[in-house]
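Enquirer: My questions will all concern the structure given below.
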């Protein structure tokens with residue numbers, strides 16, 4: 001199989017992302033784990049750009065890096081969760097590693113059974129933001145789940161404010 | 001071009017790494033972040049499928065957008081609960097929060 | 001071959017233009033602030049630094065390069081050293097999408113303005129990295145406040161940004177400039193004002209300067225930084241200021257549009273830089289003339305005034321725009337009176353609400369003050 005530019009780019013980004021994810025779950029200090037999580041998010045966004053869906057890459061960066069990561073950092077600042085510094089009781093994580101490896105092995109075997117296409121059906125989309133927008137808010141599309149999602153966000157906003165308020 | 005199976009295997013790898021993080025770590029924030037890894041893996045799958053197998057419609061990406069919304073909402077709420085737990089119990093290690101244990 | 005030329009052009013844009021403009025602008029800033037404060041600023045009486053001391057910034061840069069880089073002992077080394085690199089990278093990346101002319105642009109992704117919005121969290125993260133890894137009480141305080149301010153003001157910035165996008169129908173920055181037969185600031189004055197205030201808060205300029213509150217918390221999140229690392233933060237701040245001014249000029253003031261641009265395309269960058277420079281000058285005037293607001297005032301201002309106002313503007317303008325469109329006014333100039341009227345209406349209503357609230361608060365405050373005397 002000839003390695004074209006797209007494939008090399010994919011391999012590099014994928015390797016960096018997986019390495020960052022591994023480093024994240026094995027990190028000692030939780031602040032490093034959050035920074036590595038941001039690296040994973042950026043890697044996934046780069047993959048989306050490679051796929052041609054730049055809007056989803058932008059959303060990924062905006063929501064995850066700009067929202068979730070900042071939340072996580074503020075949460076550990078408030079709780080001073082330097083959990084990595086506390087001595088942990090002798091707790092074997094071998095079971096978890098076996099389960100994770102097993103899941104990975106099973107999924108990969110399943111994936112390789114199916115003859116997936118190796119070319120995308122449609123070449124890089126020109127300007128499908130309009131199509132995405134229409135699918136999202138048109139009546140024949142997903143307008144009702146869209147409104148339900150906004151309701152969900154509202155409820156979560158109220159709930160989080162109430163749960164975390166100062167007593 | 002990049003075969004679809006590569007994207008799926010990458011997503012599977014991220015999923016299992018997230019699963020390991022979920023099972024093996026004690027800190028609540030680590031658990032929430034491993035959950036984010038799982039959801040990211042799912043999103044990669046959805047978007048890869050949408051690009052490679054869909055023609056003329058973008059349902060996969062709409063689904064991925066909803067997953068983003070739910071992931072952000074659940075992380076926010078999880079961290080709020082964690083702050084509340086920290087205020088009462090002064091710990092965020094999941095094996096130390098066991099008052100309901102019979 | 002053409003793509004390689006494009007890459008070379010982009011690298012030039014990234015490497016040379018921001019730094020060169022920062023060097024000039026730091027000098028301009030110091031001169032302007034000095035004149036506001038009734039003094040001369042850097043000048044050449046004494047040792048020679050060029051006429052009007054235009055080489056002063058260069059001398060400062062050389063000086064800062066020769067200072068020792070100190071890493072505090074308890075600090076987290078890798079993160080501490082990475083933070084300045086991240087902030088400079090974030091400041092530079094925005095320049096790639098600014099349309100300097102009809103065809104002069106680093107790149108024009110589909111998600112143009114969204115890309116600019118997305119780069120802001122990386123500046124935020126460099127602040128968090130700097131504040132956290134310094135392990136310093138003042139640095140942590142500075143980080144908390146700066147993060148709260150930046151995260152809060154992202155919302156009215158994004159909401160007021162949606163209005164030019166709505167009038168254009170596309171996220172791409174080049175299309176945004178092409179759609180401005182009338183500059184959007186004339187058509188949408190209130191969103192332009194909201195965006196300007198939110199932008200001032202985002203880049204950390206007075207009166208919203210929490211990130212580096214000199215008199216309050218030493219130097220905020222970069223207390224522990226010395227030498228070129230501090231220089232990197234300072235430089236990145238100025239580069240950010242100018243790129244934010246350029247983005248404002250692109251969004252609301254018409255970008256590279258101006259007289260005679262169709263005949264001489266090379267005039268495009270000139271007009272854009274002129275407009276961006278005007279906005280930058282206004283930022284400098286704020287810096288010289290305004291006091292610093294307290295953090296709870298800043299957050300109140302955002303959540304109680306700017307965000308509801310931006311939301312109300314979004315709803316009203318969307319409705320009025322559609323109404324005007326359906327009633328036959330298809331070009332921007334034809335819809336302009338409708339939109340201006342809508343802006344005026346929302347402005348009057350807001351002013352009325354503010355007066356009502358102020359009257360109630362004043363009545364309560366006077367009642368408290370005069371209570372001991374009413375015995």
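Enquirer: Within region B:68-96, count every residue that is farther than 30 Å from residue A:44 by Cβ and out of contact with any helix residue (DSSP H, G or I) (no Cβ under 6 Å at 6 or more places or on another chain).
Expert: Result for region B:68-96: 7.
Enquirer: Go through region A:138-156 and count every residue that is in a helix (DSSP H, G or I), at the interface with chain B (Cβ under 10 Å from one of its Cβ atoms) and touching a helix residue (DSSP H, G or I) at 6+ places or on another chain (Cβ under 8 Å).
Expert: Residues that pass the stated criteria total 6.
Enquirer: Same structure again: Confirm whether residue B:50 is at pLDDT 85 or above and more than 7 Å from chain A (Cβ to nearest Cβ).
Expert: Considered against the rule, which asks whether it is at pLDDT 85 or above and more than 7 Å from chain A (Cβ to nearest Cβ), residue B:50 comes out as yes.
Enquirer: Out of all the residues in region B:36-73, which are within 16 Å of the chain's Cα centre (by Cα) and more than 19 Å from residue A:62 (Cβ to Cβ)?
Expert: B:38, B:41, B:45 - these are the residues of region B:36-73 that are within 16 Å of the chain's Cα centre (by Cα) and more than 19 Å from residue A:62 (Cβ to Cβ).
Enquirer: State the number of residues belonging to region C:122-138 that are within 12 Å of chain A (Cβ to nearest Cβ) and buried (at least 22 other Cβ atoms within 10 Å of the Cβ).
Expert: Residues that pass the stated criteria total 10.
Enquirer: Also: Scan C:124, C:96 and give me the residue that is in contact with a helix residue (DSSP H, G or I) (Cβ under 8 Å, 6 or more places away or on another chain), in a helix (DSSP H, G or I) and closer than 21 Å to residue C:231 by Cβ.
Expert: The match here is C:124.
Yes/no matrix, rows are residues, columns are (1) part of a helix (DSSP H, G or I); (2) within 10 Å of chain B (Cβ to nearest Cβ); (3) surrounded by fewer than 16 Cβ atoms within 10 Å (Cβ to Cβ):
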| position | (1), (2), (3) |
| --- | --- |
| A:9 | yes, yes, yes |
| A:17 | yes, yes, no |
| A:27 | no, yes, no |
| A:36 | yes, yes, no |
| A:41 | yes, yes, no |
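Enquirer: In addition: When region A:79-98 is examined, which residues are found to be assigned to a helix (DSSP H, G or I) and either more than 7 Å from every other protein chain (Cβ to nearest Cβ) or at pLDDT below 75 (or both)?
Expert: A:79, A:83, A:84, A:85, A:94, A:95, A:98 - these are the residues of region A:79-98 that are assigned to a helix (DSSP H, G or I) and either more than 7 Å from every other protein chain (Cβ to nearest Cβ) or at pLDDT below 75 (or both).
Enquirer: Here's another thing I want to ask about it. Among (1) surrounded by fewer than 23 Cβ atoms within 10 Å (Cβ to Cβ); (2) under 22 Å from residue A:25 (Cα atoms); (3) facing another protein chain (nearest Cβ under 7 Å), where does residue B:4 come up short?
Expert: Evaluating residue B:4 over (1) surrounded by fewer than 23 Cβ atoms within 10 Å (Cβ to Cβ); (2) under 22 Å from residue A:25 (Cα atoms); (3) facing another protein chain (nearest Cβ under 7 Å) leaves (2) as the failure.
Enquirer: Now for a separate question. Which one is surrounded by the most Cβ atoms within 10 Å (Cβ to Cβ), of the residues in region C:257-278 that are over 20 Å from residue C:13 (Cβ atoms) and under 22 Å from the mean Cα position of the chain (by Cα)?
Expert: The extreme case among them is C:257.
Enquirer: Would you confirm whether or not region B:85-101 contains a residue that is in contact (Cβ under 8 Å) with a residue 60 or more places away in the chain and either facing chain A (nearest Cβ under 7 Å) or buried (at least 24 other Cβ atoms within 10 Å of the Cβ) (or both)?
Expert: For region B:85-101, residues in contact (Cβ under 8 Å) with a residue 60 or more places away in the chain and either facing chain A (nearest Cβ under 7 Å) or buried (at least 24 other Cβ atoms within 10 Å of the Cβ) (or both): present.
Enquirer: Please work out which one of (1) under 26 Å from residue C:119 (Cα atoms); (2) modelled with pLDDT of 80 or more is the condition residue C:76 fails and give its number.
Expert: If we test residue C:76 against (1) under 26 Å from residue C:119 (Cα atoms); (2) modelled with pLDDT of 80 or more, just (2) comes out false.
Enquirer: Kindly indicate which of B:24, B:64, B:73 is surrounded by fewer than 23 Cβ atoms within 10 Å (Cβ to Cβ), modelled with pLDDT of 90 or more and at the interface with chain A (Cβ under 7 Å from one of its Cβ atoms).
Expert: Just one listed residue meets the conditions, B:73.
Enquirer: Consider residue B:29 carefully, then state whether it is within 7 Å of another protein chain (Cβ to nearest Cβ), touching a residue at least 60 places away in the same chain (Cβ under 8 Å) and buried (at least 22 other Cβ atoms within 10 Å of the Cβ).
Expert: In short, yes.
Enquirer: Would you call residue C:116 in contact (Cβ under 8 Å) with a residue 40 or more places away in the chain and either farther than 30 Å from residue C:162 by Cα or crowded, with 21+ Cβ neighbours inside 10 Å (or both)?
Expert: Yes; evaluated as a whole, the condition is true for this residue.
Enquirer: Does residue B:16 qualify as being crowded, with 24+ Cβ neighbours inside 10 Å and part of a helix (DSSP H, G or I)?
Expert: Yes: the conditions hold for residue B:16.
The values are calculated or read from the model by the stated rules, or taken from the named source; none is laboratory data. Note that the structure is a prediction, hence the values are computed from the model and not measured. Every residue, glycine as well, gets a Cβ built from its backbone with ideal geometry; the counts of neighbours run over all protein chains shown.
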